[in-house]
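Remarks on the structure that follows.
The values are calculated or read from the model by the stated rules, or taken from the named source; none is laboratory data. Computed from a predicted model, the values in this text were never measured in an experiment. Cβ placement follows ideal geometry from the backbone for every residue including glycine, while neighbour counts extend to all protein chains displayed.
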Amino acid sequence: MAVVKGYSQDSSYDHGAEVSAFDTSLNMISLAKEKNNERDIIYTDKTDTGPIFLQGQYDFVFCSFVLMTMPEQDVESAVKKIYDLLKKKGKVFFINTNTDTPGIESKEFFSNADPSRLTEGQPYETMIRSHNTELKVQDFFYSPSFLKSLFEKNGFQVREELVIKERYLLHAGEK
């Protein structure tokens, strides 16, 4: 997840925004640092206890493939916390696997989960391919309609819902 403050019309990190990044995986933090080693990004992980992310301070939150890794009892709390991070009129972008099209294989991942047999929050396995290895992870099933309803229930105005390359689902919203 990345949070951004200092937004201007065409802001991104390269245009002066302050960027903070969070991940529960220390390996992902290491990879992000390698890819962005010339940028001044604040990285934090689940072991940090300080007030890295302050409520109401951020213009954007990008939440990529996070909610699908969380059991149902944690998802609503996470969405609420993300809402609290944003300034008024702050923007949020949630990207998740499109569970309407499971079984699609790509060079990056594969899951043979059948959505007609899964219920909201039910775990399933995904194989992630990286550097000639396969990593088996546990994801959780959340339908597009469940996610949209969850975002709206927690105060977000969902502005757009897009399917990207059949495999991904983007919800764009505003506080």
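Of all residues in the stretch 36-65, those being within 14 Å of the chain's Cα centre (by Cα) and modelled with pLDDT under 85 number 2. So, of the residues in the stretch 129-161 that are within 18 Å of V66 (Cβ to Cβ) and β-branched (V, I, T), which turns out to be surrounded by the fewest Cβ atoms within 10 Å (Cβ to Cβ)? The selected residue is V137.
Pairs linking a residue in the stretch 47-65 that is within 13 Å of E18 (Cα to Cα) and of a type in the set (D, E, K, R) to a residue that is crowded, with 16+ Cβ neighbours inside 10 Å and modelled with pLDDT of 80 or more, with Cβ atoms under 6 Å and 6 or more positions apart or on different chains, are D59/G90.
Among what's in the stretch 79-98 and is surrounded by fewer than 20 Cβ atoms within 10 Å (Cβ to Cβ) and at pLDDT below 90, pick the residue that is nearest to A172 (Cα to Cα).
First, the residues of the stretch 79-98 that are surrounded by fewer than 20 Cβ atoms within 10 Å (Cβ to Cβ): 80-81, 83-84, 87-89, 91, 93, 95.
From the residues that got through so far, the ones that are at pLDDT below 90 too are 81, 95.
Details: K81: 17, I95: 9 Å.
Result: I95.
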